[in-house]
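Just below is one structure, and these are the notes that go with it.
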Amino acid sequence: MNIRLTKSQKIKILNSEDIYNVMQQILLRENKIRRGQEHFWVVGLDGQNKILFIELIGLGAQNRVNANPPDVFRMAIYKLATSVVLVHNHPGGTIKPSATDTDFTDKLLKVGGLISIDVVDHLIITEKKYTSYTDLGLMEKLRKSPFYQIFDKDKADMHNLRLEIEKDEATKKAKAQSKINIAKKMKSKGYTDQQIKELTGLKFIDIKKLQ
């Protein structure tokens, strides 16, 4: 789920604190029950380290959440991000990275390397504090780790995955544009907004923007 950002949140990231300040606001938007669940977000950055998007990839239980590599990198590929920051919360209050957190970070770091999207940090956050893999020196250690080494077949598989994702996103974009074109014609012929919504599936806010 893509997170709606305010203009003040689409900032250039200089350090982990900049990321945390934005993510803390997003976490606190949730109601108390939702804040008791683990969330996994991906923050996409452009070449100037400016936030392109923040996407909620997974929502789990109090102490675990699942996130698959294709889901993690899908939006980054579509938005042409050059790097990403991983973020997840610990509702229990601890910000110490677990062995599972570190292993998963290592895997995503190596996958990102295949598709030229750098995983630059992983933040573990609570409502009041956070820790950063980069600040702890863990990202540099993981870059040198022997685990999840990529071989030629893996590279080919990931290349094909990227092409598949790009094709899928292009198809979705084409379908969305087709709906807009149809809606414009309907509007010019005097159809009401309600009729356009029912026949195209577009939201009222998008229909109002049509000329």
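The values are calculated or read from the model by the stated rules, or taken from the named source; none is laboratory data. Worth saying up front: this structure is predicted, and the values here are computed from it rather than measured. Cβ atoms come from the backbone with ideal geometry, glycine included; neighbour counts cover every protein chain shown.
Taking residue 121 as the residue in question, decide whether it is assigned to a strand (DSSP E or B) and in the same structural domain as residue 136 (by TED's automatic domain parsing).
Yes.
Looking only at residues that are under 15 Å from the mean Cα position of the chain (by Cα), modelled with pLDDT of 90 or more and part of a strand (DSSP E or B) in segment 1-46, which one is farthest from residue 79 (Cα to Cα)?
Once the filter is applied, the top-ranked residue is 39.
Kindly indicate the residue of segment 47-71 that is charged (D, E, K, R) and closer than 20 Å to residue 82 by Cα and also modelled with the lowest pLDDT among those meeting that condition.
71
If you check 44, 60, 36, which single one turns out to be touching an Asp or Glu at 6+ places or on another chain (Cβ under 6 Å) and outside the structural domain of residue 167 (by TED's automatic domain parsing)?
60
Tell me whether segment 68-84 contains one or more residues that are under 16 Å from residue 140 (Cα atoms) and either crowded, with 19+ Cβ neighbours inside 10 Å or not small (Gly, Ala, Ser) (or both).
yes
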